[in-house]
Structure formats: structure tokens, C-alpha cells
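Scroll down for the structure; my scribbles are underneath it.
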Amino acid sequence: MIKSPVSPSQSHMAVAAAQLRGSSTVARRHGVFRVPSSCRWPRHPFAGSLKLSVSTSGVGGKPFGFGAKIATKCANENTRAEELNSRSDQAGELVEAVEDVTPQKRSAKIHDFCFGIPFGGLLFCMGLLGYFFSRSTVSLVLGVAPGLATLLLGTLSLNFWRSGRSSFLFILGQAAISAVLAWKYSHAYLLTNRILPWGFYASLSTAMACFYAYVLLAGGNPPPKKLAPAPSS
């Protein structure tokens, strides 16, 4: 085959291109064309760790990675706490509604021991004083013994009422003692026609018997008042 003749200018251009190609290769190897560090854009150590978000309340930053997980967990916990609080409030309102609907038990306006304990103490003291001054067994039978029994029954009724149990039997016992004393004192007053002590004791015993009858017929002692709940912090 016959080769086309190469002109001297083309040969010079080929040689120059080869030299430029070789010099560029050498320059890449030795880093001649690298951008100096002083001309580079400085990278902040916290660059890329925050994510800007725009909302109606303003511009905020959201952390990536571990911080995002913690923030998400805290938000979930707060949501669960709010749900539990709302459920507890609803349960409390339901209980209050049930308590309002439930009819309350009938009871007296005053407790038996409010008058029973002072009455028993008065009988005991007056009977003891009468026995010391007159040495009469009647003071022991109609004063000391029933007064001590009424005082004991009133104290037991108070303890049972505090514990939430029924004190019906103790009220009934005090009522029976008052009725017997009212009959005995009235009989002694009719025989002696003396206001002191028989007339006074007869009136007092009759009034106490009527009081115990009212407490029994009204349904017993009123229930203890519920303590108010402590304010939650």
C-alpha cells in the first residue's frame, strides 16, 4: 500500500501533543494541579448534623442520628403520659358519676356516742358520789352500774364507727339501758315525789331513750366522711 506523506508541521504537532499528555500525567501523579487547602471551603465539624425545618411557628433545627432517636422517644413518652392522664381523668369522672347516681343509705343526723358517752359518764360519777355520801346500794344499782355500761357501749360504738363497721347492737343496748332507767327513776319519783335526784334522772333517761330510738329508726349512725384527695403535684 502507498502511505500518504506526512508533512513536517503535522509531525511537530503530534510530538507536542505527546509531550503535553505526558506532562499532564506526571502533574496528576505529583499533585501539581491539586487545589491548596487554603482555597478550599472550610467544613464545619457540626455541618450536616442539623436539619432546618420551616413551620408556621418559625424555623427550627432537627438533629440527625442519635439525637433524633432521643427526641422521638421523648415525644412518644410525653404522648403516652398525656393519654394515661386523660384516661385517669375520664375514670375519675365516671366514678364520681356512679357515686352521684348511687342512692345513699339512710342515717341519723347525729351519732349515738355524742350523747351516750357524756350520759354514761354523768350517771357513773353521780352514782359514785351518792354511794360515798349516803352509802346506799341504790346509787350503785341505778347509778354506777348503768353509767359504766352506757359509757362502755358508747366507746365501743365509737370504735366500730371509726372502723366502718355497724354499731347497731351497741345503740340498741344503750337504748335498753335508758328505757329501764327511765322506768325505775319515774317509779322512784312517784313514790318519793322528789325532783332531785329522781325527777331529774327520770327526765334525762326518758330523753336519752327517745334519742336512741330516733337513731335506730333513722338508720343508725351516719357514715364517716371521706377524706379529700391530696392535690397532685
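The values are calculated or read from the model by the stated rules, or taken from the named source; none is laboratory data. It should be emphasised that the depicted structure is a prediction, and the values quoted were computed from it without experimental measurement. Every residue, glycine as well, gets a Cβ built from its backbone with ideal geometry; the counts of neighbours run over all protein chains shown. What goes into the accessible areas is simple: the full protein's heavy atoms, side chains included, and nothing from ligands, DNA or RNA. Shrake-Rupley method; radii C 1.70, N 1.55, O 1.52, S 1.80 Å.
So the values come out like this:
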{"read-out": "Average accessible surface area per residue within region 112-217, 1.4 Å rolling probe, Å²", "value": "56 Å²"}
{"read-out": "Using θ = phi - 60° and Karplus 6.51 cos²θ - 1.76 cosθ + 1.60, couplings along region 165-182 (whole Hz; Gly, Pro as x)", "value": "8, 7, 10, 4, 5, 5, 5, 5, x, 5, 5, 5, 4, 5, 5, 5, 5, 4"}
{"read-out": "Simple spin-label estimate for Thr79 and Ala207 in nanometres, 7 Å along Cα-Cβ", "value": "7.1 nm"}
{"read-out": "Whole-angstrom Cα spans of region 112-217 along principal axes, big to small", "value": "45, 27, 16"}
